[in-house]
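Reading through the structure tokens given below for one structure.
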Amino acid sequence: MPKIKDLNQLHTIDVVDVCEELDIPFKMNTEEAIAFMSAAYHEAAHMVACCACRGASVGGVHVYADKKSIGAGLFDGAALAQDEDHFVTLAGYAMEELLADDGGPPKYADADFRDGHRRGYEWVLDEARAFVREHERLIVHSAHGILLLANKQGSLTDGPELQRLVRWVRGQVRPFQSRERVKTSA
């Protein structure tokens, strides 16, 4: 897979380009390809939301590329205040909500909702929804970057490629206004 020299190229790459580059039409049927790309968008939403949190670090993103795990992924972020942690968790839920075409709740993000939606932090879901709507294109482009920069197993872990993508995202994302960080820094 060719390396992306300038990450700004991600603004011109669409899902068809990514699928062709990864040979998805030959490896997956339509339903599997949709689940795979949905997982990439979901994990990218977590990553972009984490990049919006000042002082947070991104340790890795994984979108499973094997058929038995299609539609699953992992995100690793750290150094988050409590509301930021809920925000990053709910960003994946909000992205799936945005992508759902039936108007119902997301089918595969119930764990994110359970983990992120907490008493006293109800406002965070609204923040995550607004953030995802505002940054939808950046999330999609970041997902494409994750897939194109990841290894064959679908893993993009702490290293120069991930850090390059994180810097690129941070240069374009609106910072999340943590209420918790304001309390601790005052």
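A few points about this structure:
- Of the listed residues 30, 89, the order by accessible area with a 1.4 Å probe, largest first, is 30, 89.
- Cα-based helix-to-principal-axis angle, 136-149 vs the chain, degrees rounded to 10: 50 degrees
- Exposure rank, largest accessible area first [50, 19; 1.4 Å]: 19, 50
- Degrees, to the nearest 10: 30-51 long Cα axis against longest axis of the chain: 40 degrees
- Computed with every protein chain present, the accessible area of residue 98 is close to 70 Å² [probe 1.4 Å].
- For residue 78, net neighbour charge (Lys/Arg +1, Asp/Glu -1) across residues whose Cβ lies under 14 Å away: -3
- Accessible surface, per residue, of the chain when the full set of protein chains is kept, probe 1.4 Å, Å²: 52 Å²
- Close Lys pairs in segment 1-148, defined as Cα atoms under 22 Å apart and 8 or more places apart or on different chains, number 5.
- Once the Cα gyration tensor of the chain is diagonalised, semi-axes √(5λ) in Å: 26, 19, 13
- Largest GNM mean-square fluctuation across 52, 78, 91, computed for the chain with C-alpha springs under 10 Å, falls on 78.
- Choice from 142, 69, 57 with maximal GNM fluctuation in the chain (Cα, 10 Å cutoff): 69
- Between the residues 128, 88, 60, the greatest Cα displacement towards the positive end of the dipole of segment 41-178, with unit charges on the Cβ of Lys, Arg, Asp and Glu, is found for 60.
- With the helix formula -39500 (n - 2.57) applied to DSSP H stretches of n ≥ 4, the chain reaches a computed 222 nm mean residue ellipticity of -17000 deg cm²/dmol.
- Solvent-accessible area, 1.4 Å probe, carbon plus sulfur percent, for the chain: 51 percent
- Most fluctuating residue given options 32, 96, 43, as computed from a GNM of the chain linking Cα atoms under 10 Å: 32
- In this structure the amide hydrogen of residue 176, modeled in the peptide plane, comes within under 5 Å of the amide hydrogens of 53, 54, none closer than 5 places in sequence on its chain.
The values are calculated or read from the model by the stated rules, or taken from the named source; none is laboratory data. Everything numeric here is computed off the predicted structure, so don't read it as measured data. Don't worry about glycine lacking a Cβ; one is built from the backbone with ideal geometry, like all the others, and counts go over all protein chains shown. All accessible areas refer to the heavy atoms of the entire protein, side chains included, with ligands and DNA or RNA removed. Shrake-Rupley method; radii C 1.70, N 1.55, O 1.52, S 1.80 Å.
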